[in-house]
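A short write-up of the structure that comes next.
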Amino acid sequence: MRILKNFIFHVIALSLLCAVFTPLSVKGQELIQDKTEIIQAKVIEVASQETKKVPGTDLQSVYQTITVEILKGDQKGKVITIDNDFITLEAGDKIFLYHAIDGLDGRETYSVRDVDRRPVILIFIALFVAVVLFFSGKQGLRSLIGLAGSFFVILYILIPSLLNGYPPILTSIAVATVILFLAIYFTHGFNRISTVAFSGTVLAVILTGILAYIGVTLARFTGLATEEAFYLNLNTRGMLDFTGLLLGGIMIGVLGVLDDIAVTQAAVVRELYNSASHLSRKEIYKKALGVGKEHVGALVNTLALAYTGASLPLLLLFSSGDSSMGSVINQEIFATEIIRTVVGSIGLILTVPITTLLAVYWLKGYKGKYNHSDVSHTHH
């Protein structure tokens, strides 16, 4: 209990410290321009529409002249007419406009930034919540609370801390620990199985962080291979450690699968003890490890395919050129994903023997309340 109390105390202290410095992060996000803003608007009328050939290509694109009404902000109610070649729009569509004011002559420009997808996003989030609650009941509710807490920690502790210049690696490990605490204990309850899973996962995260550091250092990654990293570097005036951010991203990205397999291994050991108490610790360890090997095989495949799917458009883009496959995967944007997948998979594999070993020694004689949800997949 003393360890748990100390852990909770440090979590609260970290949260308060980050909350104090959060306002400073706003300065790091200001765009280096005279005055820009994103405003919400609604398409009133499509005045004209035609299809033109994109210069220098064989592609056809739709060009529109649209009339929009600004819905919020200081310019609420203002009606303007602008050209649009970003996405085909119809009357009634809600969109976001990019508004810029030239600091020299005060000239204003408007352009279509994107359509308003928030209603669709909210509908699918509501559907997800409904499905989770329908099939999992109270267990699903606890899982959703843990998930919400994880996103809160990322948005209001991790991101402000990184923007304020805190060490990315140490900060990511600390935040990962908090996320794991929320994900495991809120979902599976405060019991010995959760403690075993939490301890095993934290150890695996630390080892994953060490491997990620070695891989990123040896591969000489800059962390600036993506477009968003490039613009973030401009917006923050080069004040952030992007290599450290890359390392932090790798660790945060594998948390879901690590806590999944840790909870499963702890539950397997508990069930083996309950159903075959005559077996020795060594025999229990071997049997539980056998289950873990099967689980790892499926999760490694899932992890690899997830990262490959996310990079598929870029992979097709580069492969369609004259470059060889060797030169394509050597580029940082792809090499990063390869290292991310391999390091994450190694961390996943190491979680099995670590958690199983802890469970074998801590769960002997522990009955607990049987709950099928202990072995459910709870990716966060």
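Every number in this text was worked out from the coordinates using simple rules, so none of it is lab data. Keep in mind the model is a prediction, meaning the values are calculated, not measured.
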* To do: For Glu69 and Arg118, calculate 0.36 nm times their separation in residues minus their Cα-Cα distance, and state this gained length in nm to one decimal.
  => 15.8 nm
* Rounded to the nearest whole Å³, what is the per residue volume of the convex hull around the Cα atoms of segment 36-116? -> 104
* To do: Starting from the Cα-Cα distance between Ala298 and Ala47, subtract it from 0.36 nm times their residue separation and give me the gain in nm to one decimal.
  => 85.0 nm
* Given C-alpha coordinates of segment 137-375, what is the ratio Rg to Rh with the Kirkwood estimate of Rh? -> 1.03
* Structure fact -> Residue span Ile87 to Thr222: 0.36 nm per residue of separation minus Cα-Cα distance leaves a gain in nm of 45.3 nm
* Asked: Given the pairs Lys138/Lys282; Lys35/Lys78; Lys35/Lys76; Lys52/Lys76; Lys42/Lys138, which span a C-alpha to C-alpha distance of over 29 angstrom in this model?
  -> Lys138/Lys282; Lys52/Lys76; Lys42/Lys138
* Specify, per residue and in Å³, the volume enclosed by the convex hull of the alpha carbon atoms belonging to segment 103-203. => 141
